[in-house]
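One structure is given below, encoded as structure tokens.
The values are calculated or read from the model by the stated rules, or taken from the named source; none is laboratory data. Computed from a predicted model, the values in this text were never measured in an experiment. Cβ coordinates were reconstructed from backbone atoms using ideal geometry, including for glycine residues, and neighbour counts include every protein chain displayed.
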Amino acid sequence: MRRIVDVSIPLGPIHPCFKEPARIKCETSGERVLAVEVELGYMKKGIERIMRGRPWQEVMFLAERVCGICSVIHNMVFIEGMEAISGISPAPRAALLRVVANELDRIQSHLLANFSYCYTIEHETLAMYLLDLREQVMDLLERLTGARVTCAYIVPGGVRFDLRDEDAALIRAGLAEVTRASARYTRIFETGPLIGLRSRGVGILTAKAARESHAVGPTARGSGISEDLRLRHPTYQQIGFSPVVRSEGDCFARVMVRFQEVQESIGIIGRCLDALVQGPIRAGGVCGAGKVSYSGEAPRGELSYLITTDEAGRVIDIAIQTPSIMNIEVCAHRMIPGVTSLADVTATFVSADPCIACTER
Amino acid sequence: MELLYEKDLRGMKYNVLTSIRHDRVVREIASICGISPQVIRRALIAKLDMIQLENLPARYEASRNAAGGADPLVHAVCGDLLTQAVPLLATTDIDQVRGMVRDAISSGTPEPDAAIAARPYLARLIQERGN
């Protein structure tokens with residue numbers, strides 16, 4: 001700790017409930033947590049430094065390696081940032097296919113986050129159901145992009161591969177199954193008495209605290225803040241959708257927001273597939289010099305890239321602000337202090353869907 | 001006292017603060033408060049943990065978007081910035097500074113000049129918190 005305290009209980013860096021290493025040092029009085037300090041640095045990649053001086057063709061592959069769980073959105077935000085610098089517009093068919101890939105990625109990320117939460121509160125049955133369902137979504141992502149993670153699907157002006165009609169039909173059929181299963185698992189979560197005891201009223205984040213710490217994504221929407229950057233994206237505006245918001249602000253609300261967003265994403269994909277027009281999947285254009293700050297809605301919230309390039313399209317400077325940075329801070333300093341049991345510390349931490357790989361980019 | 005299992009994080013914290021976005025924010029805070037960036041950096045490293053430092057640009061941006069709701073006198077001495085967005089000082093510290101400014105105003109000093117006159121005291125407080 002930064003100061004000497006009576007009892008400091010460290011959780012992590014290696015902990016059965018954490019997917020990635022982070023150390024949370026809890027100052028406690030009995031089981032009540034008074035304050036928390038987060039220690040990072042166990043998996044720092046220095047990826048921003050590696051990106052500098054490299055051409056965009058190399059940086060796009062590095063960008064999606066910031067995070068293995070939400071790699072598509074890193075690819076999408078970097079490429080759309082490069083397009084904004086260079087005045088390139090994607091082909092209409094490709095713009096819709098990008099949204100399909102992004103929403104499939106969001107579904108699998110949300111299912112993994114909810115799996116982690118259920119596993120943390122010891123509801124292993126539901127956890128394993130959710131992990132199994134995620135595998136089915138990963139298969140659909142592979143069918144569209146050719147890879148499960150680090151797909152490198154989105155390129156300036158379009159996407160890498162077209163979607164065949166038979167694959168579109170398989171994706172629709174797969175999503176019908178996901179809709180049915182996820183509705184059932186949502187019901188199990190919503191009505192489970194054990195889940196209610198561990199989740200309702202635990203790790204509360206008020207809307208005021210969420211605003212002050214700049215909480216984003218499902219963490220903010222679970223506290224009643226109706227912010228979603230997809231509302232400002234031209235393709236999402238064309239397709240239309242409304243963000244999922246709940247007002248409880250506890251662990252239950254955050255997990256339920258993700259469950260409801262899975263259903264919303266399935267709807268978006270369906271509307272994109274309906275709206276697919278025949279045509280090219282790549283538009284022309286050359287990446288040039290410029291500077292841009294570009295943001296997109298990742299599964300965990302607002303993801304921003306600050307990019308500066310030279311006339312050859314080489315990245316001179318880049319800074320990545322990932323949503324987990326905001327959410328881990330708000331979780332550690334606003335949600336966890338005050339929880340009445342150490343078991344709730346891990347549950348609250350996991351409910352914010354923290355991604356250490358993103359944080360330690 | 002040397003504590004077992006405790007690492008010296010100052011090097012890593014410094015690296016966080018010298019990245020593009022963070023450096024820009026530190027310099028802006030320094031210029032707003034009239035203090036050198038080095039002093040601000042030292043206080044930040046001493047007072048905040050790693051995730052608060054990582055989140056500095058977002059918190060700063062959120063505080064700028066929310067500016068206007070605070071007491072004008074507190075805003076004049078950067079109270080909202082230094083207690084909420086970048087929690088370097090306690091509210092009691094800011095109350096002390098605000099009291100100094102209020103005394104100066106009641107003795108006839110114009111408000112902007114009184115706020116500027118309180119800056120060296122503010123700088124000293126931040127410097128103390130950094131030690």
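Summary table below
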read-out	value
Top-ranked residue in the stretch B:17-39 [being in a helix (DSSP H, G or I), more than 9 Å from chain A (Cβ to nearest Cβ) and among the hydrophobic types (A, V, I, L, M, F, W, C); ranked as farthest from B:ALA118 (Cα to Cα)]	B:LEU17
Qualifying residue in the stretch A:59-70 (condition: in contact with a helix residue (DSSP H, G or I) (Cβ under 6 Å, 6 or more places away or on another chain), in a helix (DSSP H, G or I) and aromatic (Phe, Trp, Tyr))	no
Restricting the stretch B:1-16 to residues that are in a loop (DSSP other than H, G, I, E, B) and at the interface with another protein chain (Cβ under 10 Å from one of its Cβ atoms), the residue that is modelled with the highest pLDDT	B:LEU9
Test: A:GLU166 is outside any helix (DSSP H, G or I) and among the charged types (D, E, K, R)	no
Breaking point among (1) outside any strand (DSSP E or B); (2) buried (at least 22 other Cβ atoms within 10 Å of the Cβ); (3) in contact with a strand residue (DSSP E or B) (Cβ under 8 Å, 6 or more places away or on another chain), for A:ILE85	(2)
Selection count, the stretch A:207-242, where residues are within 14 Å of chain B (Cβ to nearest Cβ), part of a helix (DSSP H, G or I) and more than 19 Å from A:MET76 (Cβ to Cβ)	8
Pairs with Cβ under 7 Å, 6+ apart, first in the stretch A:217-241 and closer than 19 Å to A:SER293 by Cβ and at pLDDT 90 or above, second assigned to a loop (DSSP other than H, G, I, E, B) and of a type in the set (D, E, K, R)	A:GLY217/A:ARG300
Lone unmet requirement of (1) within 14 Å of chain B (Cβ to nearest Cβ); (2) more than 20 Å from the chain's Cα centre (by Cα); (3) closer than 30 Å to B:PRO87 by Cβ for A:VAL330	(2)
Enumeration of residues in the stretch B:40-62 that are in contact with a helix residue (DSSP H, G or I) (Cβ under 7 Å, 6 or more places away or on another chain), over 20 Å from A:ILE320 (Cα atoms) and more than 8 Å from every other protein chain (Cβ to nearest Cβ)	B:ILE40, B:ARG41, B:ALA43, B:LEU44, B:ILE45
Unmet criterion (only one of (1) of a type in the set (Gly, Ala, Ser); (2) out of contact with any Leu (no Cβ under 7 Å at 6 or more places or on another chain); (3) within 14 Å of chain B (Cβ to nearest Cβ)) for A:ALA22	(2)
Leading residue by the ranking (surrounded by the fewest Cβ atoms within 10 Å (Cβ to Cβ)) among those in the stretch A:146-198 that are more than 30 Å from A:PRO280 (Cβ to Cβ) and without any contact (Cβ under 8 Å) to a residue 24 or more places away in the chain	A:PRO193
Hits in the stretch A:333-360 (condition: more than 15 Å from the chain's Cα centre (by Cα) and at positive phi)	A:GLY338
Hits in the stretch A:177-206 (condition: aliphatic (A, V, I, L, M) and outside any loop (DSSP other than H, G, I, E, B))	A:VAL178, A:ALA181, A:ALA183, A:ILE188, A:LEU194, A:ILE195, A:LEU197
One residue from A:GLU297, A:GLU302, A:GLU329, A:GLU311 being over 14 Å from A:ALA220 (Cα atoms) and either modelled with pLDDT of 90 or more or not aliphatic (A, V, I, L, M) (or both)	A:GLU311
Residue among B:ALA70, B:ALA118, B:ALA114 that alone is at pLDDT 75 or above, more than 15 Å from the chain's Cα centre (by Cα) and surrounded by 16 or more Cβ atoms within 10 Å (Cβ to Cβ)	B:ALA114
Members of the stretch A:212-241 that are of a type outside the set (Asp, Glu), closer than 24 Å to A:PRO90 by Cα and touching an Asp or Glu at 6+ places or on another chain (Cβ under 8 Å)	A:LEU229, A:ARG230, A:HIS233, A:PHE241
In the stretch A:1-30, the residues that are under 19 Å from A:VAL350 (Cα atoms) and either of a type in the set (Gly, Ala, Ser) or outside any strand (DSSP E or B) (or both)	A:GLY12, A:PRO13, A:ILE14, A:HIS15, A:PRO16, A:CYS17, A:PHE18, A:LYS19, A:GLU20, A:PRO21, A:ALA22
Residue list for the stretch A:25-51, filter: at the interface with chain B (Cβ under 10 Å from one of its Cβ atoms) and among the basic types (Lys, Arg)	A:LYS25, A:LYS44, A:ARG49
Criterion: over 18 Å from A:PRO323 (Cα atoms), of a type outside the set (Phe, Trp, Tyr), under 19 Å from the mean Cα position of the chain (by Cα) and surrounded by 17 or more Cβ atoms within 10 Å (Cβ to Cβ) - qualifying residue of A:ARG246, A:ARG221	A:ARG246
